[in-house]
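No value in this document is a laboratory result; all are computed from the given coordinates. Nothing here was measured: the structure is a model prediction, and the numbers come from that model. Here Cβ is always computed from backbone atoms with ideal geometry, including for glycine, and neighbour counts include all displayed protein chains.
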Amino acid sequence: MKEKILITGATGTIGKALVRQLQGLKANFVAGSRDFNKAKSTLNISEDKWVKFDFAEIHTFEKATENVDRVFVLGPPLTLNLEQILIPFIDFLIHKGINRVVYLSAFGNQSLGGDLAFHHIMENYLKESQLGFTILQPSFFAQNFKNYEYENLMERGITFNVAGDGKVGFVDVEDVAKVASKVLTEDGHAGKTYQLTGPVLLSYHDAANILSEVLNKNIIYPNPSEEAYRGALKAGGAPDFIADYMIPVYGMIKDGSVGRLTKDVEEVLGEKPTDLKTVLKRDFV
Ligand SMILES: NC(=O)c1ccc[n+]([C@@H]2O[C@H](COP(=O)([O-])OP(=O)(O)OC[C@H]3O[C@@H](n4cnc5c(N)ncnc54)[C@H](OP(=O)(O)O)[C@@H]3O)[C@@H](O)[C@H]2O)c1
């Protein structure tokens, strides 16, 4: 079978960067999305590079994997019990004999339980399968500041979350996408787990200082209590489950679960990971 990659989550933060990488490598891929117009506008691709794909719609699996021999599996964020829609797709791949899977997980995920244990459940599911899987565990994305905190930063002068005084090695999604593109197009990565961090451990106090410099504007990290955080999300109209999801996720920074750096980006790419200031300068131009 000729190499052909299906990228799930192709229109998202990681997916867009991965599509660009694979285009640069002239790799054979199709971008999976629930909506062609969204795919066309975000990825600037022609219709033959798009396939309709929805984890929740099993009938989309067959066509999306036509002539495909490797798959990048990325589940959407803010979805409790995500494994419930991902496992049927993994089972489909096993049944169809598509053996090469790259799964986008998260650094420190083992510390999350209950409805948030999905990455851990998926990693175990893949390890128990006969698939030639590779697991990517990126740390917190440096791009979260632009994607999720733009209003807080620009209008309120704050970065607002519940990470306490904990530290994290924010990773550039471009680095994650470069690693993913290598793992998808080169041999020798089966059975491996790569933990992808940036080059420096930073607290949100540190990040606020860097943001202040890059944005040329005073940014503070108020280090709110969980109660204040929950109240602010509610006041902003967010459903309750968002706080239930985000508090334990940021808790991974607070309790030190993600408070270490790895060499995996450099080992796979042969170049150092990008630091937060460089990403912010690129994002906030
Ligand atoms: N943000 C972080 O700091 C961080 C760190 C580590 C790991 N992660 C993990 O990264 C993942 C999120 O990646 P991201 O930020 O790139 O996501 P994103 O930008 O929010 O994009 C999510 C993608 O999922 C697709 N999608 C939504 N519902 C779908 C469904 N039912 N079936 C198929 N596709 C669906 C959307 O595509 P369409 O709408 O076009 O279908 C979209 O492209 C999560 O699994 C999260 O746990 C995040």
TODO: Name the strands (runs of 3 or more DSSP E) wholly inside the stretch 1-72 in which the number of residues that are in contact (Cβ under 8 Å) with a residue 40 or more places away in the chain and not basic (Lys, Arg) is 3 or more.
DONE: 5-7
Open item on the list: Consider the stretch 77-118. How many of its residues are in contact with a strand residue (DSSP E or B) (Cβ under 8 Å, 6 or more places away or on another chain) and among the basic types (Lys, Arg)?
Closed with: 1
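Condition check: within 30 Å of VAL285 (Cα to Cα) and either among the hydroxyl-bearing types (Ser, Thr, Tyr) or within 13 Å of the ligand (Cβ to nearest atom) (or both). Does ASN218 satisfy that? If you could, list the steps in order and put the result at the bottom.
Working: within 30 Å of VAL285 (Cα to Cα): yes; either among the hydroxyl-bearing types (Ser, Thr, Tyr) or within 13 Å of the ligand (Cβ to nearest atom) (or both): no.
For ASN218, the condition - within 30 Å of VAL285 (Cα to Cα) and either among the hydroxyl-bearing types (Ser, Thr, Tyr) or within 13 Å of the ligand (Cβ to nearest atom) (or both) - is not met.
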Open item on the list: Suppose we filter VAL162, VAL176, VAL200, VAL171 for residues that are within 12 Å of the ligand (Cβ to nearest atom) and under 19 Å from MET252 (Cα atoms); which single one remains?
Closed with: VAL171
TODO: Just give me the residues in the stretch 105-132 being within 21 Å of PHE89 (Cα to Cα), free of Cβ contacts under 8 Å to residues at least 40 places away in the same chain, among the small types (Gly, Ala, Ser) and surrounded by fewer than 17 Cβ atoms within 10 Å (Cβ to Cβ), in sequence order.
DONE: SER129
Open item on the list: Taking the conditions exactly as written (within 29 Å of LEU280 (Cα to Cα), within 13 Å of the chain's Cα centre (by Cα) and of a type in the set (Val, Ile, Thr)), does ILE158 satisfy them or not?
Closed with: no
- [ ] Identify the single condition in (1) within 9 Å of the ligand (Cβ to nearest atom); (2) of a type outside the set (Lys, Arg); (3) surrounded by 15 or more Cβ atoms within 10 Å (Cβ to Cβ) that LEU78 does not satisfy, given that it satisfies every other one.
- [x] (3)
Task: Residue that is over 17 Å from the mean Cα position of the chain (by Cα) and within 13 Å of the ligand (Cβ to nearest atom), where the choices are PHE72, PHE89, PHE107, PHE29 - done: PHE89
Open item on the list: Take the residues in the stretch 139-158 that are in contact with an Asp or Glu (Cβ under 9 Å, 6 or more places away or on another chain) and among the aromatic types (Phe, Trp, Tyr); name whichever of them is nearest to the ligand (Cβ to nearest atom).
Closed with: PHE141
Task: Filter result for the condition that a residue is surrounded by fewer than 20 Cβ atoms within 10 Å (Cβ to Cβ) and either in contact with a helix residue (DSSP H, G or I) (Cβ under 9 Å, 6 or more places away or on another chain) or more than 26 Å from PRO239 (Cβ to Cβ) (or both), over THR65, THR60 - done: THR60
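Does ALA117 satisfy the condition of being within 13 Å of the ligand (Cβ to nearest atom) and more than 15 Å from the chain's Cα centre (by Cα)? Even if it seems obvious, please write down each step before you answer.
Working: within 13 Å of the ligand (Cβ to nearest atom): yes; more than 15 Å from the chain's Cα centre (by Cα): yes.
Taking the combined requirement at face value, the residue satisfies it.
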